[in-house]
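The block underneath contains the structure these notes are about, expressed in structure tokens.
The values are calculated or read from the model by the stated rules, or taken from the named source; none is laboratory data. Just so it is clear, the structure is predicted and the values come from calculations on it, not from any experiment. Cβ: placed from backbone, ideal geometry, glycine included. Neighbour counts: every protein chain shown. Note: areas computed on protein heavy atoms with side chains; ligands, DNA, RNA excluded. Shrake-Rupley method; radii C 1.70, N 1.55, O 1.52, S 1.80 Å.
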Amino acid sequence: MPTKTPDQKSITAAQVLDWLLDALLERLAAREREGEKFSTPTSAPSPASQFKAPAPQPCQCEPEPGEESWEPPPRQPSMHLEWVLSRFLILIVVLVVLVNIPLNRYGVSLARILPDSAALIIRNGLVLKGSGPEIYILEDNKLRWISSLDAFEHLGLVWGDVHVVEDSFLEQFEKGRPIHVLLKCPDSPHIYRLENQQKRWIKDIETFVAEGHVWEDVRFVTCEYLRSIPDGPTIPEAAGPPPQP
């Protein structure tokens, strides 16, 4: 077997290295070709791109007042409610005025006349008036005539207390003792009964008691006021001319 020189040995080693390098390159190239079949995109999408926001959908809600596309709702047929209410209020006002207007010189209004006399509660202190000018107060189921305006006011009554009734309603009661106001001035001993806007002199104490008067019925006024009231028949009428206070 021939012996190789050192140069031949070095050449042979270089060739071996070249072969090995070529084989390695071929292997790498083969692997690259195999990897391209299962390769993924060179630029992987970012995690944020995998969760894209859905595209905005057109709003199905109705436009609000003030927006461009807003339109007012169609006008409903009017029931003229305002007209009906205004006429109704006017009618109520007219009825209230008519009911409270005084119908006569005593100031009695329709509101006091309208109630049926049968609906009145029969009680002491009920003030009644028929078709005439006389006013009565009911006491113990008897009508007591209030003989003057002074007596009326002396009882603390007002015209709103008067109930106007039919004469037939008054006829079911007996007549009681009239209610009078007795007048006296401090400078005179005489006592007068005011009746029909006249003063009637009461002769003495016995007559005073016999007429059913009590001292609480006496009102003190000035002598000038007593003298200004016309004289009426004395009590009793046979007592003669009345003295002046």
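In segment 197-235, which residues are closer than 24 Å to GLU134 by Cβ and surrounded by fewer than 12 Cβ atoms within 10 Å (Cβ to Cβ)? Matches in segment 197-235: GLY212, VAL214, GLU216, PRO230.
If you go through segment 174-196 and keep only what is among the small types (Gly, Ala, Ser) and either open to solvent by 100 Å² or more (accessible area, probe 1.4 Å) or touching a helix residue (DSSP H, G or I) at 6+ places or on another chain (Cβ under 7 Å) (or both), you end up with just SER188. In segment 137-164, the qualifying residues are those that are without any contact (Cβ under 8 Å) to a residue 12 or more places away in the chain and over 23 Å from ASP231 (Cα atoms), and the one that is most open to solvent (accessible area, probe 1.4 Å) is VAL158.
Report whether or not LEU183 is within 20 Å of LEU149 (Cα to Cα) and modelled with pLDDT of 90 or more. So LEU183 fits the description; yes.
So, VAL209, is that one in contact with a Leu (Cβ under 6 Å, 6 or more places away or on another chain) and on the phi < 0 side of the Ramachandran plot or not? Judged against the criteria, VAL209 is not a match.
Going by the conditions given, is ASP167 surrounded by fewer than 18 Cβ atoms within 10 Å (Cβ to Cβ) and either under 44 Å from the mean Cα position of the chain (by Cα) or over 16 Å from ARG227 (Cα atoms) (or both)? Here the answer is yes, as ASP167 does meet what is asked.
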